[in-house]
Amino acid sequence: MNRFSLRHLAEYLQADWNGDPETTVSGIANLAHAEPHHLSFLNKKQFAAYLNSTRAGIVIVKDDVTAPESLNLLRVSNPYSAYATVSRLFCRRPPQPQGIHPSAFVDPTAVIAPSASIGSGCSIAEDVEIGENTEILPGAVIGAGSRLGANCIIYPNVVIYHGVMLGDRVTVHSNTVIGADGFGFARHNDEWIKIYQLGGVRIGNDVEIGASVTIDRGAIDDTVICDGVIIDDQVHIAHNCIIGRGTAIAGCTGIAGSTEIGASCTLGGLVAVSGHLKIADNVHFNGSSVVTRSISEPGIYSSGTVVQEVHTWRKNAVRFGQLEQWVERIKKLEKVVMAASDETAEKK
Amino acid sequence: MNRFSLRHLAEYLQADWNGDPETTVSGIANLAHAEPHHLSFLNKKQFAAYLNSTRAGIVIVKDDVTAPESLNLLRVSNPYSAYATVSRLFCRRPPQPQGIHPSAFVDPTAVIAPSASIGSGCSIAEDVEIGENTEILPGAVIGAGSRLGANCIIYPNVVIYHGVMLGDRVTVHSNTVIGADGFGFARHNDEWIKIYQLGGVRIGNDVEIGASVTIDRGAIDDTVICDGVIIDDQVHIAHNCIIGRGTAIAGCTGIAGSTEIGASCTLGGLVAVSGHLKIADNVHFNGSSVVTRSISEPGIYSSGTVVQEVHTWRKNAVRFGQLEQWVERIKKLEKVVMAASDETAEKK
Amino acid sequence: MNRFSLRHLAEYLQADWNGDPETTVSGIANLAHAEPHHLSFLNKKQFAAYLNSTRAGIVIVKDDVTAPESLNLLRVSNPYSAYATVSRLFCRRPPQPQGIHPSAFVDPTAVIAPSASIGSGCSIAEDVEIGENTEILPGAVIGAGSRLGANCIIYPNVVIYHGVMLGDRVTVHSNTVIGADGFGFARHNDEWIKIYQLGGVRIGNDVEIGASVTIDRGAIDDTVICDGVIIDDQVHIAHNCIIGRGTAIAGCTGIAGSTEIGASCTLGGLVAVSGHLKIADNVHFNGSSVVTRSISEPGIYSSGTVVQEVHTWRKNAVRFGQLEQWVERIKKLEKVVMAASDETAEKK
């Protein structure tokens, strides 16, 4: 377990500091639970009272926070992103040794960088290229002609089909599938004729993809995930989608074919986006939104209803199914009341 | 890369043609982006203007379309299904060599057709049968006694449990699981007692199953997927469902246990179907539908609401939760207004 | 195929019986389809008429049921849970032989119980501990330092990351991923900074987890699944969730980060639960519920609307988007009508 000194962390974060520069920490904990060997952080001012009681060895705080003199502090402009930045130091996943595990199958035409590592039971097909320091963990399968950049991590049992391109620093979590066939079929004489999916998938740099995600290959052109996109577990991205730079997609969301999502968007969990739509930059969909039309204005969007006790809900759900009728009754009432009111006015 | 001549494609599609029969193409592109080595197609008449500017080497058009004389044409009754039919020729996935990869484990009692192929790291259990020309790609696992027909493709890391039957020409994309236990438990004395799932899964011919799909084995009888069904990624089909012939199920849809879906239905993405329902043939559920009752009439069905700007939505969602109360207020208004109107009538 | 006698089953279930104690059965079927070699059960009194026609060799019934004398009966207080209990005897999955398959990779520092079994192509990392009688089926991957108790079944191609703890009698179905990184990123200068996920996952005893489930590791503290929890396929549980004892989660449900679900809850299929919520014990969410607030009262909850024919639905969905306006119109009507009625009252 590595230990890091206040002096080292201050340099790493380019942060001001107070206290004993030789104090070291070996892990991260929140203020309430931290022990002296923990680094902690104060993200929101409403929790500042914890500074008086915390036992944390070092605390990251905002520049202007007042804290007890006894604390070892790192002072930064944004404590939460500073926490994110240093969290990397405390990661305990042991890296896989460089080189090719003897139980992996690597086609002789594949080009594996010397510093890359291929885990046990992996299968690397013909003409694959794997960049420097990229780790392919056990059981992952890379299809013919696919290319992975440098410093990627491909977790166990991921499947990357043929003709898929990944940039540098792409992380793909376990059991994700990139490049399976898009769901393309033509209906003819009561049968589905498969449309062979001839495009690929292109994924930019600095992309993180969660576990059990599916990103399908394009029908003719490629499916495209731009730089800096982050994708949570169980997301489905259909063929020929384009996901703009820096967009974040939360768990279980599904995006149908040929939809283009702009840059810096966020999609909450379990959002459903129809196909062939165009969503502008900086659009934010709350969880469980159902998106059936293109959105050209940045903003926050929602749909649906929220839980109620079931008896109350049931009545309301029935009324939803009659809304048009009730609107008609309101309109009729308005006519009657207005006519009566006109009559009254006339009489006066 | 294979090239196909106009003459060859015309024979393949049994289509009429115009132009130079020796013109060849090596890929498919849409009319706007096509180069001379591309085949393209005109699917919708509103795009007919592209025929004047396209550089495509060959274009598939409807029989009666007027097109510049300079174009090489394939004339068919349904250009989209003709495109689907020829797309197969341009598929670039290299087939896996026949035979059993030395790193695969195949139980000595398994019967593998000579023309079948078993990829690296596969595991084939006792009494499995694999038909002619079926490809089992790397890392796939087939459980005891399961039988796969001819010309199937099982993509990497698919898991087929014991006692699962697949017909001919079944494609299963990566990381899909067929035959895991259905979610069956009896509640007793505050504990869940597992109901062992003793049925299997039967899948017909010409079925395509996407990536990361789960189709559970039956509790007592089998779960059944009929011929010609197509299933997109991330779909969940629970134990003892029956999915009728030629039905299409889009991504992320979940179907609860013992529900029977008719033939030629379509289920959009993220549809939720409750258990123990019966859905007639030719029923179409739009995406995100919530289906909690059986449907006996063919037709198109929907539920839910669609995205709005969040402030507007929030007000409406609150009102949804009060619908029953507002309906009561409308009814009361109607009574008052009607009474008043009766009174007015009397006075006259 | 094993056969079990009425006498044996009566002892196994500690049940009263009638009939020939030497009658044997080798499988389970429902009353309508059972043959003489089948065990069957009568779960609901409305199906009691089947007792007169069933050909089942043995039938489990409630203590007080009247049945033809010719039937061999097992009389119990709860036939459904008795069926669940005996179902285990009829399970036909062949257990994997003890020991380590030669094609598996097991790090020399891993401690594997002698009665455990490691299937072909598995990868077991450093410092892993595997308990007695635990089966790790082909292609599963267990990360560094993870510990599995006794009598677990880990189905093919499951991935358990580093630092994950499983109790005894835990079943994990295929392609499930436990311990992938939680979706934690800090937004800074238009970029996402990854928050390394330093916590693990702790799973209690007697937990069953379906296929293609994702349970993410915690950011700082662990994600926790308590004893006796059952989880269906395609469920997503985000980082730092706590799922209380005996709670059941149906397919395709997603639970966002840091949410705590109480004990003995049930979540229907495709339920969406927001992050940082607290749900009390004995709360039941119907399928497709959208849960965006904490729930402190036990009970049954629902949200959403149910399918309608699309034309009717479309009108109602439009009206949902105008609900606030219609409510305003109702209020205005009420004012006008009330004023008029006051005026009428004054005149009288």
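The values are calculated or read from the model by the stated rules, or taken from the named source; none is laboratory data. Note that the structure is predicted; figures quoted are calculated from it, not measured. Glycine also receives a Cβ, built like all others from the backbone with ideal geometry; neighbour counts cover every protein chain displayed.
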Do the conditions hold for B:Gly321, that is, is it over 27 Å from A:Glu328 (Cβ atoms) and within 11 Å of chain A (Cβ to nearest Cβ)? no
Identify all residues within the range B:5-56 that are out of contact with any Ser or Thr (no Cβ under 7 Å at 6 or more places or on another chain) and hydroxyl-bearing (Ser, Thr, Tyr); write none if there are none. B:Tyr12, B:Ser26, B:Tyr50, B:Ser53
If we ask which residues in the range C:165-185 are crowded, with 21+ Cβ neighbours inside 10 Å and within 17 Å of A:Gly210 (Cβ to Cβ), their number turns out to be 10
Subset of the range B:272-287, residues more than 9 Å from chain C (Cβ to nearest Cβ) and either in a strand (DSSP E or B) or of a type outside the set (D, E, K, R) (or both), comes to B:His276, B:Leu277, B:Lys278, B:Ile279, B:Ala280, B:Asn282, B:Val283, B:Gly287
Return yes or no: is C:Glu69 of a type in the set (Asp, Glu), at pLDDT below 95, more than 30 Å from C:Glu135 (Cα to Cα) and not assigned by TED's automatic domain parsing to the domain that holds C:Pro114? yes
Which of the residues spanning the range A:150-164 are surrounded by 21 or more Cβ atoms within 10 Å (Cβ to Cβ) and not β-branched (Val, Ile, Thr)? A:Cys152, A:Tyr155, A:Pro156, A:Asn157, A:Tyr161, A:Gly163
Hey, among the residues in the range C:186-214 that are facing chain A (nearest Cβ under 9 Å) and of a type in the set (Val, Ile, Thr), which one's surrounded by the most Cβ atoms within 10 Å (Cβ to Cβ)? C:Thr214
Subset tally (residues that are away from chain C (no Cβ under 13 Å), of a type in the set (Gly, Ala, Ser), closer than 18 Å to B:Ser274 by Cα and part of a loop (DSSP other than H, G, I, E, B)) for the range B:220-250: 2
So which of A:Asp168, A:Asp216, A:Asp181, A:Asp190 is within 16 Å of A:Ile242 (Cβ to Cβ) and acidic (Asp, Glu)? A:Asp216
Counted residues, the range C:175-209 - those being in contact with a Ser or Thr (Cβ under 7 Å, 6 or more places away or on another chain) and either among the basic types (Lys, Arg) or closer than 20 Å to C:Asp233 by Cα (or both): 7
Give all pairs with beta carbons closer than 7 Å in which a residue from the range B:330-343 that is in the same structural domain as B:Arg319 (by TED's automatic domain parsing) meets a residue that is among the charged types (D, E, K, R) and in a helix (DSSP H, G or I); count only pairs at least 6 apart in sequence or on separate chains. B:Ile330/A:Arg329; B:Leu333/C:Glu334; B:Glu334/A:Arg329
If we keep just the residues of the range B:113-137 that are of a type in the set (D, E, K, R) and over 27 Å from the mean Cα position of the chain (by Cα), which is nearest to the other protein chains (Cβ to nearest Cβ)? B:Glu126
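Residue by residue, here is whether (1) under 30 Å from C:Ala125 (Cβ atoms); (2) crowded, with 23+ Cβ neighbours inside 10 Å; (3) in contact with a Lys or Arg (Cβ under 8 Å, 6 or more places away or on another chain) holds:
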{"residue": "A:Val25", "(1), (2), (3)": "yes, yes, yes"}
{"residue": "A:Leu31", "(1), (2), (3)": "no, no, no"}
{"residue": "A:Leu71", "(1), (2), (3)": "no, no, no"}
{"residue": "A:Ser103", "(1), (2), (3)": "yes, no, no"}
Consider the range B:145-174. How many of its residues are in a loop (DSSP other than H, G, I, E, B) and under 18 Å from B:Ile124 (Cβ atoms)? 15
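Looking at the range A:324-338, which of the residues that are among the basic types (Lys, Arg) and in contact with a helix residue (DSSP H, G or I) (Cβ under 9 Å, 6 or more places away or on another chain) is surrounded by the most Cβ atoms within 10 Å (Cβ to Cβ)? Before you say what the answer is, go through the steps one by one.
First pass over the range A:324-338, keeping only residues among the basic types (Lys, Arg): A:329, A:331-332, A:335.
Now drop any that are not in contact with a helix residue (DSSP H, G or I) (Cβ under 9 Å, 6 or more places away or on another chain), which leaves A:329, A:331-332.
Details: A:Arg329: 15, A:Lys331: 12, A:Lys332: 12.
Here the answer is A:Arg329.
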Taking the residues in the range A:1-23 that are closer than 11 Å to A:Ile58 by Cα and among the aromatic types (Phe, Trp, Tyr) as candidates, determine which candidate is surrounded by the most Cβ atoms within 10 Å (Cβ to Cβ). A:Trp17
Can you say whether C:Val170 is more than 9 Å from every other protein chain (Cβ to nearest Cβ) and either within 30 Å of C:Pro102 (Cα to Cα) or touching a residue at least 60 places away in the same chain (Cβ under 8 Å) (or both), as far as the supplied structure shows? yes
May I ask you to list the residues in the range A:268-298 that are in contact with an Asp or Glu (Cβ under 9 Å, 6 or more places away or on another chain) and among the aliphatic types (A, V, I, L, M)? A:Leu277, A:Ile279, A:Ala280, A:Val283
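For A:Ala140, indicate whether it is over 23 Å from C:Ala140 (Cβ atoms), in contact with a strand residue (DSSP E or B) (Cβ under 6 Å, 6 or more places away or on another chain), crowded, with 19+ Cβ neighbours inside 10 Å and at the interface with chain B (Cβ under 9 Å from one of its Cβ atoms).
Considered against the rule, which asks whether it is over 23 Å from C:Ala140 (Cβ atoms), in contact with a strand residue (DSSP E or B) (Cβ under 6 Å, 6 or more places away or on another chain), crowded, with 19+ Cβ neighbours inside 10 Å and at the interface with chain B (Cβ under 9 Å from one of its Cβ atoms), A:Ala140 comes out as no.
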For the range A:297-309, check the following and say yes or no: at least one residue is among the polar types (S, T, N, Q), at the interface with chain B (Cβ under 7 Å from one of its Cβ atoms), closer than 20 Å to C:His284 by Cβ and not in a loop (DSSP other than H, G, I, E, B). yes
In this structure, does B:Thr253 turn out to be more than 7 Å from every other protein chain (Cβ to nearest Cβ), without any contact (Cβ under 8 Å) to a residue 40 or more places away in the chain, within 26 Å of C:Ser302 (Cα to Cα) and touching a helix residue (DSSP H, G or I) at 6+ places or on another chain (Cβ under 8 Å)? no
Subset of the range B:33-69 that is of a type in the set (Gly, Ala, Ser) and surrounded by fewer than 22 Cβ atoms within 10 Å (Cβ to Cβ) - its residue that is farthest from A:Ile193 (Cα to Cα): B:Ser53
Pick from the range B:88-104 the residues that are facing another protein chain (nearest Cβ under 8 Å) and at pLDDT below 95: which of them is nearest to A:Ile193 (Cα to Cα)? B:Cys91
Give all pairs with beta carbons closer than 9 Å in which a residue from the range C:61-79 that is over 13 Å from C:Lys44 (Cα atoms) and touching a residue at least 60 places away in the same chain (Cβ under 8 Å) meets a residue that is surrounded by fewer than 17 Cβ atoms within 10 Å (Cβ to Cβ) and β-branched (Val, Ile, Thr); count only pairs at least 6 apart in sequence or on separate chains. C:Arg75/C:Val65
Residues within the range B:193-234 that are free of Cβ contacts under 8 Å to residues at least 24 places away in the same chain and hydrophobic (A, V, I, L, M, F, W, C), tallied: 5
